[in-house]
Amino acid sequence: MAHWFHRNPLKATAPVSFNFYGVAGSPAANKICNDLRTTRARLLEMFTDVTCNPEIMKNATDAYFSLLQGFILSLDGTTQENKMRFIQNFKWTDTLQGNTPSAQQDAIFELISMAFNVAIWYAKFASRLAGKENITEAEAKDVHRSLKVAAGIFKILKEVHIPRLITPAEKGRDLEPRVIDAYIIQSQAEAQEVTIARAIELKHNATLIAALAFETANFYQKADHTLNTLEPECSSKWRKYLQLKQHFYMAYAYCYHGQTLLASDKCGEAIRSLQEAEKCYSRAEALCKEYRQTKGPGTTAKPSEQLFFLKLGGLIKNTLEKCQRENGFIYFHKVPVEAPQLELKASYGLAEPISFELPPLSELCTPEVYATFDLTKGAKNDKAKPKEEEVKPMKEPDLKPQKDTGCVVS
């Protein structure tokens, strides 16, 4: 299912040399600085390397974060801030704000921004893998897991690390609650899409599929509402995607709920449910066009061209015609004016974020080495006026879509 998911761009960052001009007062301290520079550069390369997989990404992330924590955790046996936390200036762009960077002289800002990009990478990896022709069951599980990993990273950043920043996030930036909440919810909703596709493929109970679709539609609605107070020029396109997915999965919910009602000999109610499914599906089709025409950050998904989307339209039409035939021959039920109120709860298949844990502190970062960093030896002008480094956008690979088989799992 190539082009099924909307993806905002990766964050970009200025190069960081970690050259502290005499502050690093020992060979071991210099090695930490050199390793920080090389592991950071390596991790940034992995974000745009099409051969990178979750194992490679985890190793690159752990290598950098294990060293960066040497500038965050207390290493002198006290509860005071690490003396190295505020020595280096870091610049990062935001996924919705173009190439205008934010800058903070804070290692925690760097940790959060880099981890945010790791989460975006997992979401993009899932999208790329889902776009493969004839995806296997193992690959579908990787898609599912990657989306839950992304949700887990966003969640831990919001709950644990962002509150530690001295300078709060500006409005509309990635680290403010509305934006990061939307990323958490979208990642969970997309993980549930994989579950729904598998449930349909394996012909699971219609009640379960309807409940999962209803819960997923509610996730998309919640994500959309989270963004409704952001500036339209940076959020409108994203919101159109969330809205079209909400209506698409409401159509699924009403369609499969109609099947459940028909199986319970409630043919009139089944017809009304399927009529509502038609309305939601038509609205989703209209939103697909609006989404394509809306300008804004990110890649443009093409869900209305996917077999998974098109098959639902046929399923609704055929099921509704069946119900109408049965009602004309057997039931003669009156069709209610009001659509049924969906109060469906999924007992299985709901996607929970996978908890993200930072790696252990690098063995290089000992209290003895930490003591050899001497802030009094640094050139004050270098610290006060860090060299202005240009922030260049990430060159993300242009991935050509493969033939769509309509399958998410096999």
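The values are calculated or read from the model by the stated rules, or taken from the named source; none is laboratory data. These numbers were taken from a predicted model, which means no experiment stands behind them. So basically every Cβ, Gly included, is an ideal-geometry build from the backbone, and we count neighbours across all protein chains shown. The accessibility values were calculated without ligands, DNA or RNA, using every heavy atom of the protein model including side chains. Shrake-Rupley method; radii C 1.70, N 1.55, O 1.52, S 1.80 Å.
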Task: Of all residues making up the range 250-274, the number that are more than 16 Å from Phe214 (Cα to Cα), polar (S, T, N, Q) and modelled with pLDDT of 90 or more - done: 0
Task: Qualifying position, being open to solvent by less than 10 Å² (accessible area, probe 1.4 Å), of a type outside the set (Asp, Glu), farther than 18 Å from Pro297 by Cα and not assigned by the TED database to the domain that holds Pro9, among Ala213, Ala197, Ala263 - done: Ala213
Open item on the list: As an exercise: evaluate Thr299 against (1) in contact with a strand residue (DSSP E or B) (Cβ under 6 Å, 6 or more places away or on another chain); (2) more than 29 Å from Glu170 (Cβ to Cβ) and give the number of the one condition it does not meet.
Closed with: (2)
Task: Selected residue (only one of Ala210, Ala223 is under 22 Å from Leu312 (Cα atoms), small (Gly, Ala, Ser) and in contact (Cβ under 8 Å) with a residue 24 or more places away in the chain) - done: Ala210
Open item on the list: For the range 225-265, which positions are in a helix (DSSP H, G or I) and of a type in the set (Ser, Thr, Tyr)?
Closed with: Thr226, Ser235, Ser236, Tyr241, Tyr249, Tyr252, Tyr254, Tyr256, Thr260
Task: Top-ranked residue of the range 293-310 - restricted to ones that are of a type in the set (D, E, K, R) and part of a loop (DSSP other than H, G, I, E, B), ranked as surrounded by the most Cβ atoms within 10 Å (Cβ to Cβ) - done: Lys302
Open item on the list: Looking at Leu230, Leu242 in this structure, which one is farther than 29 Å from Ala263 by Cβ, touching a residue at least 12 places away in the same chain (Cβ under 8 Å), under 16 Å from the mean Cα position of the chain (by Cα) and crowded, with 19+ Cβ neighbours inside 10 Å?
Closed with: Leu242
Task: Qualifying positions in the range 73-108 - closer than 20 Å to Ser17 by Cα and open to solvent by 10 Å² or more (accessible area, probe 1.4 Å) - done: Lys83, Phe86, Ile87, Gln88, Asn89, Lys91, Pro101, Ser102, Ala103, Gln104, Gln105
- [ ] Return yes when Glu133 is within 30 Å of Phe308 (Cα to Cα), part of a loop (DSSP other than H, G, I, E, B) and either in the same structural domain as Met250 (by the TED database) or of a type in the set (Asp, Glu) (or both) and no when it is not.
- [x] yes
Task: Residue that is surrounded by the fewest Cβ atoms within 10 Å (Cβ to Cβ) [pool: residues in the range 138-168 that are without any contact (Cβ under 8 Å) to a residue 24 or more places away in the chain and under 28 Å from Ala107 (Cβ atoms)] - done: Pro163
Task: Lone unmet requirement of (1) open to solvent by 70 Å² or more (accessible area, probe 1.4 Å); (2) of a type outside the set (Gly, Ala, Ser); (3) free of Cβ contacts under 8 Å to residues at least 40 places away in the same chain for Asn134 - done: (3)
Task: Test: Ala270 is out of contact with any strand residue (DSSP E or B) (no Cβ under 9 Å at 6 or more places or on another chain) and among the aliphatic types (A, V, I, L, M) - done: yes
- [ ] For the range 376-393, indicate whether the set of residues that are at pLDDT 80 or above and outside any loop (DSSP other than H, G, I, E, B) is non-empty.
- [x] yes
Open item on the list: With the structure loaded, tell me whether Ile112 is buried (at least 22 other Cβ atoms within 10 Å of the Cβ), among the hydrophobic types (A, V, I, L, M, F, W, C), in contact with a Pro (Cβ under 9 Å, 6 or more places away or on another chain) and part of a helix (DSSP H, G or I) or whether it fails that test.
Closed with: no
